[in-house]
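Participant: Mind looking over this structure? Questions follow.
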Amino acid sequence: MIRVLVADDHKLVREGLKQILGAAADVQVAGEAANGDEALALAKANDYDLALLDMSMPGLAGIELIKRLKLEKPALRLLVLSMHGEQQYAARALKAGASGYLTKDSAAEQLLRAIRKVAAGGVHISEAAAASLVEGGGAHGALSDREFQVLRMLAGGHGPTEIADLLNLSVKTVSTHKARILQKLGLGSTAELVRYAIENGLLEG
């Protein structure tokens, strides 16, 4: 039996996942979390075979959540289920410690196949995402995880002060990240940064 921890901030999504997974004889939803902090606490307190994670949740989420979970429970297998396209995020998720990446528009059968494959020690990723891993995923592939996070927040309309508050950083640090992002991407302004993010499908969803 594959014991799964489901982490998603939308109750409807969690209910739908529980229905899909509950129909499989070899999969059991053994825990559910509405945010990253809950997911981390549950993973520390219990033994799951696999955690099914949304990339965008309140609090601890995304790459940081993957890293923390792997730090606390190295044997826990992580499968990301996200609304974001694989080409943009799969590489970072796998680099951080995930073993698979699936988009939310995937079919139920595909999700179950991915869960079984990842739980058995394999890696699940689409051919398109594998190709982008080889290619390096565009200029933003050169950004650090923190720079990538700041890029998405800037493109989403957050100002440096707001970003500093949300990430517990100083405004000066955020400004430094912004300057490095513009330099690495060869951009001259925030407007160009927003356009780059839109063209590459990097906006927060």
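Participant: Within the stretch 1-42, track down each residue that is within 17 Å of the chain's Cα centre (by Cα), within 22 Å of Leu71 (Cβ to Cβ) and part of a helix (DSSP H, G or I).
Facilitator: Across the stretch 1-42, the qualifying residues are Gly36, Asp37, Glu38, Ala39, Leu40.
Participant: Search the stretch 154-187 for residues being outside any loop (DSSP other than H, G, I, E, B) and among the polar types (S, T, N, Q), and hand back the single one that is farthest from Ala142 (Cα to Cα). Spell out the reasoning first.
Facilitator: Step one: filter the stretch 154-187 for residues outside any loop (DSSP other than H, G, I, E, B), giving 154-155, 160-167, 171-185.
With the extra rule that they be among the polar types (S, T, N, Q), the set shrinks to 161, 173, 175-176, 183.
Working: Thr161: 25, Thr173: 19, Ser175: 18, Thr176: 16, Gln183: 11 Å.
Here the residue is Thr161.
Participant: Kindly indicate whether Asp105 is touching a residue at least 60 places away in the same chain (Cβ under 8 Å), in the same structural domain as Gly121 (by TED's automatic domain parsing), closer than 27 Å to Leu143 by Cβ and acidic (Asp, Glu). Even if it seems obvious, please write down each step before you answer.
Facilitator: Working: touching a residue at least 60 places away in the same chain (Cβ under 8 Å): no; in the same structural domain as Gly121 (by TED's automatic domain parsing): yes; closer than 27 Å to Leu143 by Cβ: yes; acidic (Asp, Glu): yes.
Judged against the criteria, Asp105 is not a match.
Participant: Follow-up question, since we're still on this one. If I ask for residues that are closer than 16 Å to Leu21 by Cβ and surrounded by fewer than 19 Cβ atoms within 10 Å (Cβ to Cβ), which ones from the stretch 43-83 would you list?
Facilitator: Matches in the stretch 43-83: none.
Participant: Do we find that Ile2 is among the β-branched types (Val, Ile, Thr), under 19 Å from Val118 (Cα atoms) and in contact with an Asp or Glu (Cβ under 8 Å, 6 or more places away or on another chain) in this structure? Write out each step before concluding.
Facilitator: Working: among the β-branched types (Val, Ile, Thr): yes; under 19 Å from Val118 (Cα atoms): yes; in contact with an Asp or Glu (Cβ under 8 Å, 6 or more places away or on another chain): yes.
Judged against the criteria, Ile2 is a match.
Participant: Can I ask one more? Which residues, counting only those in the stretch 6-32, are surrounded by fewer than 17 Cβ atoms within 10 Å (Cβ to Cβ) and touching a Ser or Thr at 6+ places or on another chain (Cβ under 9 Å)?
Facilitator: Of everything in the stretch 6-32, nothing turns out to be surrounded by fewer than 17 Cβ atoms within 10 Å (Cβ to Cβ) and touching a Ser or Thr at 6+ places or on another chain (Cβ under 9 Å).
Participant: Would you mind finding the one in Leu78, Leu65, Leu112 that is assigned to a strand (DSSP E or B) and modelled with pLDDT of 90 or more?
Facilitator: Numbers: Leu65 fails: assigned to a strand (DSSP E or B); Leu112 fails: assigned to a strand (DSSP E or B).
Just a single option satisfies the conditions, and that option is Leu78.
The values are calculated or read from the model by the stated rules, or taken from the named source; none is laboratory data. All of these numbers come straight from a predicted model, not from anything done at the bench. With ideal geometry, Cβ positions are generated from the backbone for all residues, glycine too; neighbour counts draw on all protein chains shown.
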